[in-house]
Ligand SMILES: Nc1ncnc2c1ncn2[C@@H]1O[C@H](COP(=O)(O)OP(=O)(O)OP(=O)(O)O)[C@@H](O)[C@H]1O
Ligand SMILES: [Mg+2]
């Protein structure tokens, strides 16, 4: 559904950043994107929703192309970007207004607006906080509100660019569980992250290195093969644990279950 | 030599964000600060750096009270370096070079000393020399973070405050940075105040840990005590145990025996757990 077709990109001529990047993401997939600092992950995210244009090649969403100015509005509606949550990301003074704000720019009719806002807040489990003021919210609640604002625009794909990196442990797990819940309901999720434990929970992982896709496969494949050694990544806890215990049975993000099932029952 | 707070409280915009904090930050220690968002961690760090002059209580640096006048205060806290939570809060110059030389210039370091310090500090944070001419605005998230850290490290602070310094760094850089900082701190007998959400990093690197919750200091101890003995404090603050400690508890539960470990570092826990793991079949036949 989302297609990168031999995409080249540079910010400054003569300094190529992405060279002939091609991949395809299907509707309903949960894809993690990893890579070192400066490898071009955020650039990839911006290319996905047309904030940036490929210098060569094409980015397509179904039959729409980011090269086509007429398609751009639709693409930006359909591909939502969620960023790191800075302290001051709120523009308005309540959770509800924050979600309404984004829709006003889309000129959605009033009645439909309130339906969408309600649904979006419910999806991130923030409906009880609609009137809450931003400074009263925890980091996780703020980030969930940001997700709701984007959901209200009814995107088909959500791209999270390090959306969990500034959150405390509780906020992180709240946002991750929202991501997985949305995925269960059929949403396509693209998750850019430096946390390998989070990568293990994705269905597929793309590794960006030297301007190209250096790996495209399942997380256990990535962590099992030697690929990792050549990249600025590390092993998730579950994999380090497997090595320490000499386990080579199926790798699971839930390492506790992995340990339990390996324990003899009397 | 130490930084000492006695019954310090801070109110911001009518809200009490720090309540009755008493503590001593000993020189030469790596002190980690944990707590959920809004617990007062950054505010505490700002008090230490003299950025919040309107506090109640007492703050002394090496037994000298923090001066009330802004000039005296600035002089007293010059030895303290502060890497803010968001690089955008501290990066203002138009090139990385200007950003890195700004701090040392303000401290009156000579031109020669500054030029000499550039290359090593770039290497410490893992940035290439070419980046000096770049505008910080166009850098990636992780690159900005490194510039922010380098620009403070180059001033050679006695006390280094790091507010979430590893957020946004790729895994390898994160490990390298923490190791580099730990070596720097120990080799030069510096003090580090490390604010972090990563319990695993805190368990791995700290001499002491302070737990904040709703403006209060719930506990201040060595990491072993906090993560393995007196874990009630952690629960009250709504924080998880580091993963290696969770593993330890799980294996204890499954094996029905207590595993003695005197460190909460991953390697040490793996070593102990492995023994119980390997004996798990035999254990049941006993
Ligand atoms: N607006 C810009 N102008 C010029 N160069 C840029 C611009 N934005 C990014 N770059 C450069 O492009 C490269 C890739 O940046 P990008 O932000 O895509 O990396 P990233 O993979 O997201 O990194 P990180 O993990 O640090 O977030 C970096 O070298 C960066 O300095
Ligand atoms: Mg990025």
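A short reminder: the numbers here are calculations on the coordinates, not readings from a lab. Just so you know, these numbers come straight off a predicted model, no measurement behind them. With ideal geometry, Cβ positions are generated from the backbone for all residues, glycine too; neighbour counts draw on all protein chains shown.
Structure summary
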{"item": "Breaking point among (1) within 11 Å of chain B (Cβ to nearest Cβ); (2) farther than 30 Å from residue A:15 by Cα; (3) crowded, with 19+ Cβ neighbours inside 10 Å, for residue A:233", "result": "(2)"}
{"item": "Selection from segment B:227-269 of residues that are more than 12 Å from chain A (Cβ to nearest Cβ) and not in a helix (DSSP H, G or I)", "result": "B:230, B:231, B:257, B:258, B:259, B:260, B:261, B:262, B:263, B:264, B:265"}
{"item": "2 or more residues within 14 Å of chain A (Cβ to nearest Cβ) and within 13 Å of ligand 1 (Cβ to nearest atom): qualifying helices (runs of 4 or more DSSP H) within segment B:92-180", "result": "B:141-153"}
{"item": "Leading residue by the ranking (farthest from residue B:50 (Cα to Cα)) among those in segment B:160-191 that are crowded, with 23+ Cβ neighbours inside 10 Å and away from ligand 2 (no atom under 16 Å from the Cβ)", "result": "B:181"}
{"item": "Any hit, segment A:38-45, residues being within 9 Å of ligand 1 (Cβ to nearest atom) and more than 10 Å from chain B (Cβ to nearest Cβ)", "result": "yes"}
{"item": "Residue in segment B:139-153 that is out of contact with any strand residue (DSSP E or B) (no Cβ under 8 Å at 6 or more places or on another chain) and away from ligand 2 (no atom under 16 Å from the Cβ) present", "result": "yes"}
{"item": "Residue within segment A:49-61 that is within 14 Å of another protein chain (Cβ to nearest Cβ) and within 16 Å of ligand 1 (Cβ to nearest atom) present", "result": "yes"}
{"item": "Meets criteria (in contact with a strand residue (DSSP E or B) (Cβ under 6 Å, 6 or more places away or on another chain) and within 16 Å of ligand 1 (Cβ to nearest atom)) for residue A:18", "result": "yes"}
{"item": "Some residue of segment A:81-88 being within 13 Å of ligand 1 (Cβ to nearest atom), touching a residue at least 60 places away in the same chain (Cβ under 8 Å) and within 20 Å of residue A:156 (Cα to Cα)", "result": "yes"}
{"item": "Every residue from segment A:183-203 that is within 16 Å of ligand 2 (Cβ to nearest atom) and assigned to a strand (DSSP E or B)", "result": "A:190, A:191, A:192"}
